[in-house]
Amino acid sequence: MGSVDTRAGQGRASAAGTAAARAPSAQPDPARRRPTAALRPYIVNYTGFRTQFAAPRRRLELPTGFVTLVFTFSEGLWLTRTEALAATPLRPASRAMVSGPRTVPAIGVHAGSVHGLEVNMSPLGAYRLFGIPMAHFEDAHVDLPEVLGPAGRHLADHLRSLGSWRERFALLDEVFCGRLDRGPAAAPELRGALSRLWADSGSLARATAETGWSARNLRARFREQVGLSPKGMARVFRLQHALRLLSAGTAAAQVAAACGFHDQAHLSREVKAMTGLPPSRFVLLRGGLPPGSALDRLPGRITSVMLAG
């Protein structure tokens, strides 16, 4: 998700921030920070965004294996989830919604001006904080009230009413810390399996063996606590490794060999199926940006591509 160009908001904010920094009493109000220490095993970061463009913007949001919660404070953001970049119906973004782990891309379009906040969390963190099976989020956008009830519906309004990102992030810390004891703890074996799949995304057999579970049990636990099957998460992790290499200028044939694809054609099919773009088009639109750039929502990941038109 995170279907806005946060760099635009940072650009305007940086100009104001530079002027404010010249004042002796200036207190920076950063638009991105990590949560309080108790939440860091579950939540990666909070990011505020506010953009001002003269024309609409389109962003392609790529599968990352993470969960994103988006609060919108203004109208003018539309979303779609599609396996291709052909025109598909857009829907207005809800005031508060969750995007679970995905194996397909999403497209966000905004009219040039949009304001809101996003929370990026691990799937096991979302399982703990939301307290429901993660299969509920599989390849889907879910409105937050479906997860948190009326409290989720009013949270966006409460966040919007506050005067600074610091206050908003503090409120999120309070809300999520209050949920730490409500949800179930994830199985430690799953943390190990996810680490193994990230390190060696083609080794499902090794990840299964290290848990001590049967393949069937591992699939059931993944659907419950991660939201994708082990194979689905392995595909996402392999995609991320491939996109990192492609962005760095590595030849597609070398990427295919390094990331465990059968051949270059297999790489091309997977990249197209999971991003909607052939590798060459992805490389062109990405423009050599490294993982975790200002365009991306997560450190060390390739999360987004700006689309033309």
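The values are calculated or read from the model by the stated rules, or taken from the named source; none is laboratory data. Because the structure is a prediction, the values reported are computed rather than measured. All Cβ positions, even for glycine, are placed from backbone atoms using ideal geometry, and neighbour counts span all protein chains on display. The protein model used for the area step is the full one, side chains on, heavy atoms only, and it has no ligands, DNA or RNA in it. Shrake-Rupley method; radii C 1.70, N 1.55, O 1.52, S 1.80 Å.
If you build a Gaussian network model of the chain, linking Cα atoms that sit under 10 Å apart, which residue out of R182, R223, R58 swings the most?
Judging by the Gaussian network model, the answer is R182.
Based on the Cβ-Cβ distance from D181 to H136, what FRET efficiency comes out when R0 is 25 Å, to the nearest 0.05? Don't jump to the answer; show the numbers that get you there.
Working: r = 21 Å, r/R0 = 0.83.
Computed FRET efficiency for D181 and H136 comes out at 0.75.
Relative contact order of the range 179-309: what whole-number percent is it, with Cα pairs under 8 angstrom and at least 6 residues apart? Intermediate values should be presented prior to the final figure.
Numbers: 122 pairs, mean separation 20.7, N = 131.
Relative contact order of the range 179-309: 16 percent.
Considering only protein heavy atoms and a 1.4 Å probe, what is the carbon-and-sulfur percentage of the accessible area of the range 221-309?
56
Heavy atoms only, 1.4 Å probe, whole protein assembly: order W78, W165 by accessible area, highest first.
W78, W165
Note the per residue figure in Å³ for the convex hull of the C-alpha positions in the chain. Please report the intermediate quantities before stating the final value.
Numbers: hull volume 41.4 nm³, N = 309.
That works out to 134 Å³ per residue.
What net charge is computed for the residues neighbouring G65, neighbours being all others with C-beta under 10 Å from the C-beta of G65, Lys and Arg scored +1, Asp and Glu -1?
After counting each charged neighbour, the total is +3.
With springs only between Cα atoms under 10 Å apart, run a GNM on the chain and tell me which of V147, V109, V67 wobbles the most.
Of V147, V109, V67, the Gaussian network model singles out V147 as fluctuating most.
Rounded to whole Å and sorted largest first, what semi-axes of the equivalent ellipsoid does the C-alpha gyration tensor of the range 177-286 yield via the square root of 5 times each eigenvalue?
30, 17, 11
Between A93, A185, A54, find the one with the highest GNM mean-square fluctuation for the chain; connect C-alpha pairs within less than 10 Å.
Among A93, A185, A54, the largest GNM mean-square fluctuation belongs to A54.
On the accessible surface of the range 139-199, probed at 1.4 Å, how many percent belong to carbon and sulfur atoms?
50
Taking the square root of 5 times each eigenvalue of the Cα gyration tensor, what semi-axes in Å does the equivalent ellipsoid of the range 131-173 have, largest first?
The answer is 24, 11, 9 Å, longest axis first.
Give the accessible surface of the chain per residue, rounded to a whole number of Å², with probe radius 1.4 Å and ligands, DNA and RNA excluded.
Ligands and nucleic acids excluded, the result is 43 Å² per residue.
For Cα pairs less than 8 Å apart in space and 6+ apart in sequence, what is the mean separation divided by the residue count of the chain, i.e. the relative contact order in percent?
Over the chain, the number comes to 21 percent.
Please give the FRET efficiency for S161 paired with R40, using the beta carbon to beta carbon distance and R0 = 35 Å, rounded to the nearest 0.05. Provide the component values of the computation, followed by the final result.
Values: r = 27 Å, r/R0 = 0.76.
So, using R0 = 35 Å, E works out to roughly 0.85.
Can you give the extra length, in nm with one decimal, that the chain gains between E210 and A248 once fully stretched, where that is 0.36 nm per residue apart less the Cα-Cα distance? It would help to have the intermediate numbers written out before the result.
On the way: separation 38, 0.36 × 38 = 13.68 nm, distance 3.23 nm.
Extra length from E210 to A248 when fully extended: 10.4 nm.
How large are Rg and Dmax for the range 138-219 when only the alpha carbon atoms are used, in Å?
18.4, 51
Along the principal axes of its C-alpha atoms, what lengths does the range 70-189 span, in descending order and rounded to whole Å?
Principal-axis extents of the Cα atoms in the range 70-189, largest first: 43, 39, 22 Å.
Using Cα-Cα distances under 8 Å and only pairs 6 or more residues apart, what relative contact order does the range 135-238 have, in percent?
Working: 66 pairs, mean separation 29.4, N = 104.
It rounds to 28 percent for the range 135-238.
If each of K231 and E75 carries a label point 7 Å out from its Cα toward its Cβ, how far apart are those two points in nm?
So the two model labels end up 4.5 nm from each other.
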